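The values are calculated or read from the model by the stated rules, or taken from the named source; none is laboratory data. Worth saying up front: this structure is predicted, and the values here are computed from it rather than measured. As a convention, Cβ positions derive from the backbone with ideal geometry for all residues, glycine included, and neighbour counts pool all protein chains shown. When the accessible area is computed, the model is the full protein with side chains, heavy atoms only, and any ligands, DNA or RNA have been set aside. Shrake-Rupley method; radii C 1.70, N 1.55, O 1.52, S 1.80 Å.
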Amino acid sequence: MRGTGGLPGAGEACGHAVTLVWLPLGAGQPIVERSGRAYERLCAWRDARAPRDLYHAALEVATPGARYAIELAPVPDRNGRTRGVVCEGAVGSRWLGGLRWFRYELRCWRDGVIPDRALAAADPRRLTEEPAAVTHLLRLLPAVPHPVWGRDELGLGEMWNSNSAVSWLLATSDLLTPSTRPPQGGRAPGWDAGVALAVRRATRHRC
């Protein structure tokens, strides 16, 4: 069952579910917010359009007895195991990826939280409650690609970032629907890169 509304509160019991959460880019982080707005103004000028609001995607996944926060974010410290880190990648350049300040991590944080979830731009979007679909998505996490954040080293036509990982997971899990697009009037840089990579790999496997 898809498109059935929002996710229960953090402490509320739940069966199987995958829920998409859209956060304003840089919510609670003034530097990220300002740099994001500057980036969007530049893109809008290049494309001869009006600037749009930018969004960052994260997932909340529930199974009976467990709840996970899934998100791609900068590495804050060396305690990744406590956040359920699945993999890490470089930010900006592979040469700089040896430094923690230039790495990102993919988290599957059991009983964790999505920072600034209270600032979500719209109601969280329930994508499925089917046990098989939820299990499939969780099993895909170790396979999430982790190219350099902020670059298009895979030739996807758009840089790879946190939105790319979420869209790749949803596309590969067959959970993409019109309801997974960003809030009306906004856009999610990197989203199309994840979808494009999922389609590319699926096409290769069919050949």
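Placing +1 on the Cβ of every Lys and Arg and -1 on the Cβ of every Asp and Glu, with no other charges, gives the stretch 91-171 a dipole of roughly 280 debye about its Cα centre. Extension gain, Leu96 to Thr203, is 35.2 nm, computed as 0.36 nm per intervening residue step minus the present C-alpha separation.
Put Leu42, Leu96 in order of accessible area, highest first, and with a 1.4 Å probe you get Leu42, Leu96.
Short to long, the 5 Å bins of the Cα pair-distance histogram for the stretch 74-207 hold 2, 9, 16, 21, 23, 17, 9, 3, 0 percent of all pairs. Taking label points 7 Å from Cα along the Cα-to-Cβ direction, Asp192 and Thr82 give a separation of 4.0 nm.
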